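One structure is given here, and the rest of the page talks about it.
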There are 2 protein chains.
Amino acid sequence: MRTAADQSVQNTGANRVTISDVSDALGLTKSTVSRALNDYPDIAEGTRLRVRRMAEKMGYNPLSFAQAIRTGLTRSVGLVIQMADHDAHRPFLAEFLAGVSQGASAEGWTLTLAAANDPDHTLETFSSMIRDRKVDGFIIPRTLVHDDRIELLRRKRIPFVLFGRTADPTDCAWFDLLGEDAMQDAVRRLAALGHSRIGFINGGLQYNYAALRRDGFLLGMQEAGLEADAHLMGDDAVTIAEGRLEALRMLRLPAPPTAIVCAVDMAALGVYRAAAECGLVIGSDLSTLSYDGTPDGAHATPPLSTYAVNFTRSGSTLSSLLIRRIRGEDPQDLRETEQAVFLDRGSAGPPALTSGEIAGRVAQHAA
Amino acid sequence: MRTAADQSVQNTGANRVTISDVSDALGLTKSTVSRALNDYPDIAEGTRLRVRRMAEKMGYNPLSFAQAIRTGLTRSVGLVIQMADHDAHRPFLAEFLAGVSQGASAEGWTLTLAAANDPDHTLETFSSMIRDRKVDGFIIPRTLVHDDRIELLRRKRIPFVLFGRTADPTDCAWFDLLGEDAMQDAVRRLAALGHSRIGFINGGLQYNYAALRRDGFLLGMQEAGLEADAHLMGDDAVTIAEGRLEALRMLRLPAPPTAIVCAVDMAALGVYRAAAECGLVIGSDLSTLSYDGTPDGAHATPPLSTYAVNFTRSGSTLSSLLIRRIRGEDPQDLRETEQAVFLDRGSAGPPALTSGEIAGRVAQHAA
DNA sequence: GTGAGTTCCGAAACCGGTTTCGGCAAGGGA
DNA sequence: TCCCTTGCCGAAACCGGTTTCGGAACTCAC
């Protein structure tokens, strides 16, 4: 019977150079060539060099799936994106994927991508990719405080790397941005501009970053000698609509904030909307600083000042951490963090209005 | 020497059920089991059933890389995204990838993703993925009129499927949306609303869709008995900035358009900007219809009426077409098209102003 | 009853690598 | 000189499948 293999245009590849071709050309056996190329210690240095040069010259490249059959390793990093997620991070997806892909291919690895519709589907996808040995490990984006994906991989003893941190760091390698430092710095900047009533709109509390950024905000307030008013703090705003609502709520308080720090850019763009509706000018009447670095923020008026994340570099770092993890390095040695970069674009300035004046302006526009 | 394989937590997989386990359980040889599962004709129907049931019961799943070593097929579809592209299509990337991934996994295949920085890098990436047999075929997004990627794959005889069409259809399978029909329909709608001076802002001419959409626009004009004024036609606008410039150019003509059809949503959002600068209200003073269905359009005021593309379904269709192509089906039988869906959201209405009145308004705002 | 086909499965080679094991030769110590 | 290491490589098994080939058993026609 004839099946796919030979009906298809592509076949087993006529003139591919195999390890046997290399060993024949050198008068060695393929086992020697294999060990030479894989740096076994029982190969003489001269032989190793001869083999390397010949392999190079003949253009020999081992097939990863042929290696996999014995080693069990596919040389592939896995990534499962969840479609159910709000699209707060969608703008960065391309950059992030590019980074992951480049980090992988720098080591001769590939990126195997899957998409899932909901958390259950995500876990199923992980399981089937593991069962079929599609990948050697996973990158876990958008970590939660308590994350079932981590539980699963820990239990199955599959290597993984987090983009973010999590409550229980056991067996976890990660790369993360110090959002808490950014929030603290944001407060510091606003205080230096003369703000004293500063609000905070946090992101989704299920995400691990939320508690950290909140703590960073509070630390900044404390450092500046300012009181953190519970009424000026909100949670779970990751979209423009949610950010707008939370900002409106704060602005309608008897003593509204003169500045609002947002944990994510989308929420800050919601603050823009709320400000517009209340007749407040962002950057003078009301200041806001945010975090993410979305392209949308740059196009707003005024452009949004934000702490920007380099998603391309993040992705590539994660790939290389994961590969090192798969190669056996201790997770504790594979934990990197980085500072987000502040982009000062004008959405924060000295308070043009007092809290009371803002309250008046808001009341006026409510009528 | 101990290398990656056994230092890593994951190893060759203790209790995995192999084809030999199945054959032993049945008292058959593994060759018989293999042929039974692959529907060879020289296996008795009863045997085939016995084998299937036992394989099912024991939870046997062949390893794709073990099959690949003999068949040459990895059961993986390849996709290379170009980062250099303007980000007109970025918002859809997640949906598109989800579709491709789901279409692949429906057949037990996977998606191997790579990113490239420029056209040359793209071709190199294709070549190395082919050399290392990472994938069995490729999905080619955003096809150009003359596309080097297609040339390469045609030459190397690697199966591929286009998202879009191209000048030379030889060996090409594809899925595409009938943008030309959408443009024609847009003109029809505008004409029905009473517009007679209708402008057209096209996308990048290197893309295959551009000529098609232009022809669709012209056909619509002809059908409506309207004159297509060359001054009211522009090209290569795929960003907000480019759309704005082209719209401003048209609005400053002695006889400006009362409606503008755009080939891509981003250009239409540029029309919004231009209109705002000229004191024109979109949907009454100036109408616009567009194509893509970006989320951004839904948030504009008024929301942008546009012909929307279902990128998830597009991706999944492309995957299944590619798999059929790899299995040997004739490319000519693997060509599907679909209509974009019109979303009427209010950016087009009966002309509130004549062309002359618009010219007056524009001149007034220029001062 | 015999010869020619069919039907169906086993045996073994094969794919392209990796890994284990054994042994030869050189080197070193007594 | 002899023995014991040590260094280095070949031979062969192995990984988990697929594919080729041959032959036993059964069918059917004459």
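The values are calculated or read from the model by the stated rules, or taken from the named source; none is laboratory data. In this text, all values refer to a predicted model and were calculated from it rather than measured experimentally. Virtual Cβ from ideal backbone geometry, glycine too; neighbours counted across all protein chains shown.
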_Any hit, the range B:150-166, residues being assigned to a helix (DSSP H, G or I), touching a residue at least 24 places away in the same chain (Cβ under 8 Å) and under 20 Å from residue B:320 (Cα atoms)_ = yes
_Among the residues in the range B:77-88, are any more than 10 Å from chain A (Cβ to nearest Cβ) and either more than 22 Å from the chain's Cα centre (by Cα) or of a type in the set (Gly, Ala, Ser) (or both)?_
yes
*Conditions: (1) touching a Gly at 6+ places or on another chain (Cβ under 6 Å); (2) farther than 28 Å from residue A:114 by Cα; (3) of a type outside the set (Asp, Glu). Residue A:210 meets all but one. Number of the miss?*
(2)
*Of all residues in the range B:52-78 being over 13 Å from residue A:63 (Cα atoms) and small (Gly, Ala, Ser), the one that is farthest from DNA strand D (Cβ to nearest atom)*: B:78
*Which one is farthest from the chain's Cα centre (by Cα), of the residues in the range B:159-211 that are within 14 Å of chain A (Cβ to nearest Cβ) and β-branched (Val, Ile, Thr)?*
B:170
*Residues being of a type in the set (Ser, Thr, Tyr) and outside any loop (DSSP other than H, G, I, E, B) - total across the range A:201-239*: 2
*asked:* Among (1) assigned to a loop (DSSP other than H, G, I, E, B); (2) within 16 Å of DNA strand C (Cβ to nearest atom), there is one condition residue A:84 misses while meeting the rest; what is its number?
replied: (2)
*For the range A:87-108, state whether one or more residues are within 25 Å of residue B:121 (Cα to Cα) and within 16 Å of DNA strand C (Cβ to nearest atom).*
yes
*Looking only at the range B:126-158, which residues are away from chain A (no Cβ under 14 Å), surrounded by fewer than 24 Cβ atoms within 10 Å (Cβ to Cβ) and within 13 Å of the chain's Cα centre (by Cα)?*
B:143, B:144
*Name the single residue, out of those in the range B:327-348 being in contact with a Lys or Arg (Cβ under 8 Å, 6 or more places away or on another chain) and in a loop (DSSP other than H, G, I, E, B), that is farthest from residue B:194 (Cα to Cα).*
B:334
*Within the range B:221-243, track down each residue that is free of Cβ contacts under 8 Å to residues at least 40 places away in the same chain and touching a Gly at 6+ places or on another chain (Cβ under 6 Å).*
B:232, B:236, B:237, B:240
*Restricting the range A:1-55 to residues that are in a loop (DSSP other than H, G, I, E, B), in contact with a Leu (Cβ under 9 Å, 6 or more places away or on another chain) and at pLDDT below 95, which is farthest from the other protein chains (Cβ to nearest Cβ)?*
A:16
*Any residue in the range A:101-123 that's at the interface with chain B (Cβ under 9 Å from one of its Cβ atoms): show its pairings with residues that are among the basic types (Lys, Arg) at Cβ separation under 6 Å, as long as the two are six or more apart or on different chains.*
A:110/B:134; A:112/A:134
